[in-house]
Amino acid sequence: MDRLTFIARCDTLLKLIRAEAGLTQEQMAYILGLSKKTLVDIEKERRSLGWMGSVVLCTLFQDSEVLSGFFGGRPDDIIMALALEGKAFSYHHVRSGRIWWTTLYQNAAYSIQQNIISQHYRLLSQDGCRIASSFDIDDLLPLFNKPISAPVPPPVSPTTPDYNAAAAHPSTPDNISKSTPMKRSDHG
């Protein structure tokens, strides 16, 4: 999906979202910061919300069943993927939408999931924070495979000659960066 497709879908969904919320055209126009005439023109496919209007619509009505059904969950992931084009950014914890996501890869630090509706990908930390989103998995793989700093091993004690630092600290970048594809299952 690209921005133009996203905008076109938002234009198409505008009237359905308004009806779902039980709003008049005048109320919806006010909420979106549009004139009533502009809203009517968009609903009649004579004008478009554009990028900013589409983002406002999806942000204000992010819990809409119409949007969830059409985009495969809340649209904020899609907005971030389109806006940032796969660049890493600090996100909040993922809270919902598990039914829309399939885990493709997981390692000690991250997981890559794909949305079953929109087909876009997201990179999650193991504590559930979104790191990046993209429609191209190749944008996420460098971050997924990025080595994590290994903990500094404690100094070797002369009283423990059999000390094996590698065995005591197996979480080296080599172990972390190698991923194993997982069976498809739903995770949030």
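Evaluated against (1) out of contact with any helix residue (DSSP H, G or I) (no Cβ under 7 Å at 6 or more places or on another chain); (2) modelled with pLDDT under 90; (3) surrounded by fewer than 21 Cβ atoms within 10 Å (Cβ to Cβ), Q114 falls short on exactly one condition, (2).
To keep it simple, each residue is scored yes or no on (1) of a type outside the set (G, A, S); (2) at pLDDT below 95.
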residue	(1), (2)
Q27	yes, no
L32	yes, no
I42	yes, no
S48	no, no
S64	no, yes
S68	no, yes
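Is it fair to say G53 is surrounded by 15 or more Cβ atoms within 10 Å (Cβ to Cβ), of a type in the set (G, A, S) and at pLDDT 95 or above? Criteria met by G53.
The values are calculated or read from the model by the stated rules, or taken from the named source; none is laboratory data. None of these values were measured; they are calculated from a predicted model. Quick reminder, even Gly has a Cβ in these numbers, built from the backbone with ideal geometry, and neighbours come from all protein chains shown.
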